[in-house]
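Some notes on the structure that comes next.
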Amino acid sequence: MSDNARMADVVCAIAQLGYASGKSGIEIAEGWIVPHVEALLAVREARAKNPAAFPGYGEGTVEETARRIIARLLDAVWRPPDGECLDLPEAPGA
């Protein structure tokens, strides 16, 4: 994607570096999603023992974690499919 004109739309410097080094959008997304899920699990485990643990982390909910992940993906120029894409068959010729 590094020579793609859409690269100018990528807000996140980490995503820009990932694309420039040849990573796919899926690889970049996996690199963000895994740490978010691991952090959520660690925070919830720690808060089960000590409710005051990680006070700056936020709510520590699945929904908040999903919002964080979506924000990172949007910064990397991922977009939800448009309405026309939703009506296309899953496989060519289907």
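Table: residues versus (1) at pLDDT 95 or above; (2) open to solvent by 50 Å² or more (accessible area, probe 1.4 Å).
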site	(1), (2)
Glu38	yes, yes
Leu41	yes, yes
Arg44	yes, yes
Gly60	no, no
Ala66	no, no
Pro92	no, yes
* Can you run down the residue pairs with Cβ atoms below 7 Å, 6 or more apart or on separate chains, where the first is in the range 28-44 and touching a residue at least 40 places away in the same chain (Cβ under 8 Å) and the partner is part of a helix (DSSP H, G or I) and surrounded by 13 or more Cβ atoms within 10 Å (Cβ to Cβ)? => Ile28/Ala15; Ile28/Gly18; Ala29/Leu73; Trp32/Ile69; Trp32/Arg72
* To do: Being part of a helix (DSSP H, G or I) and of a type in the set (Lys, Arg) is the filter; apply it to the range 13-56 and report the residue that is nearest to the chain's Cα centre (by Cα).
  => Arg44
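The values are calculated or read from the model by the stated rules, or taken from the named source; none is laboratory data. Model, not experiment: these values are computed from the prediction. Here Cβ is always computed from backbone atoms with ideal geometry, including for glycine, and neighbour counts include all displayed protein chains. For accessibility, only protein heavy atoms count, side chains too; no ligands or nucleic acids. Shrake-Rupley method; radii C 1.70, N 1.55, O 1.52, S 1.80 Å.
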